[in-house]
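The next block holds one structure in the form of structure tokens; read it before the comments.
The values are calculated or read from the model by the stated rules, or taken from the named source; none is laboratory data. Just so it is clear, the model here is predicted, and its values are computed rather than measured. As a convention, Cβ positions derive from the backbone with ideal geometry for all residues, glycine included, and neighbour counts pool all protein chains shown. SASA here: full protein model, heavy atoms, side chains in, ligands and nucleic acids out. Shrake-Rupley method; radii C 1.70, N 1.55, O 1.52, S 1.80 Å.
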Amino acid sequence: MLQYTGKYWNILTPWIRKSLKRHHGSAFTAQVMRDAKPRYRDLLNRMDDIGARNPMASNVYMSFVFFAVYLAAEGRLTAADLRVTANEAVQAPVMKIMGLFMNLNRPSCMKSMGKMMHQNAEWLEQHPQYKSKSWDFNFDESKHKDGYYYHFTQCPLNTFARREGLLDVLQVMCDVDYLSAGLMHAKLYREHTLASGGKICDYWFVGDKIKNPK
């Protein structure tokens, strides 16, 4: 069980609602959003406890908003439909504020990102009771000359999606990572995801002004 918070629901649902209304109409949207809220709580109740204060938990809270909407539609939204809505929600004006504070073309911002990821890994070392369920962190600063690289071999969202039969939806969330990179003026280069059957989820972020990164 993961402790409920409405913060991420409140941030995302106005933009999800707007997208659904645009593509599927007001009546459909009203019904789905009404039914999605209890689904969101239920998903959190069924989630493995990775620690509500886990700095990576936001990935679960945000992904489960989209999971809940998908489930509430009861087959009337395909994964492709959800992809459209997720893409539009992530690119909402409020989300673009991120780019004002995190521009990965700046060495200082790339350094800050690396520091944050190491802090996330340190949090798990300080809370070992969650390590078997949470993300594992694997850093390799020698792998690339440009940008910042790390990978996971364990992801609680992947574990949950496989258990709940939601892998097609999780892959939509994996692709949102590319949009999130864009909000930070970066490109994400990736070869594998656990959701698609890979042994790792790899992340190589490079500032979007860098040509032919190495």
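Summary of computed values
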| item | result |
| --- | --- |
| Rounded Å value of the spacing that divides the Cα centres of the stretch 37-70 and the stretch 105-165 | 18 Å |
| Candidate values [x] 9, 38, 40, 12, 1, 0; [y] 8, 29, 31, 17, 10, 4, 0; [z] 8, 32, 37, 19, 4, 0, label of the one derived for P(r) over Cα pairs in 10 Å bins from 0, in percent | [z] |
| Neighbour cut-off at most 13 other Cβ (10 Å), DSSP loop, GluC sites (Glu not before Pro), the stretch 70-170 | Glu74, Glu141 |
| Percent carbon-and-sulfur accessible area, the stretch 130-198, ignoring ligands, DNA and RNA, probe 1.4 Å | 45 percent |
| Average accessible area per residue (Å²) across the stretch 1-134 - probe 1.4 Å, nucleic acids and ligands excluded | 52 Å² |
| Rel. contact order, % - alpha carbon contacts under 8 angstrom, at least six apart, the stretch 1-147 | 28 percent |
| Cα gyration tensor category, rounded, prolate or oblate, for the stretch 1-109 with a/c compared to 1.5 | oblate |
| Gyration tensor (alpha-carbon) shape descriptor, the stretch 131-210, a/c threshold 1.5 | oblate |
| Selection of trypsin sites (Lys or Arg not before Pro), the stretch 145-192, meeting DSSP coil and at most 15 other Cβ within 10 Å | Lys145 |
| Given Lys115/Lys145; Lys21/Lys199; Lys18/Lys187; Lys21/Lys209, the pairs whose alpha carbons are separated by over 29 Å | Lys21/Lys199; Lys21/Lys209 |
| Under 16 Å from Lys214, Cα to Cα: aspartates and glutamates that are on another chain or at least 8 residues apart | Asp140, Glu141, Asp146, Glu191, Asp202 |
| Å² of accessible area per residue within the stretch 135-189, as computed with a 1.4 Å probe and no ligands counted | 45 Å² |
| Angle in degrees between helix 7-24 and the longest Cα principal axis of the chain, rounded to the nearest 10 | 60 degrees |
| Rounded tilt (10° steps) of 79-90 against the dominant C-alpha axis of the chain | 70 degrees |
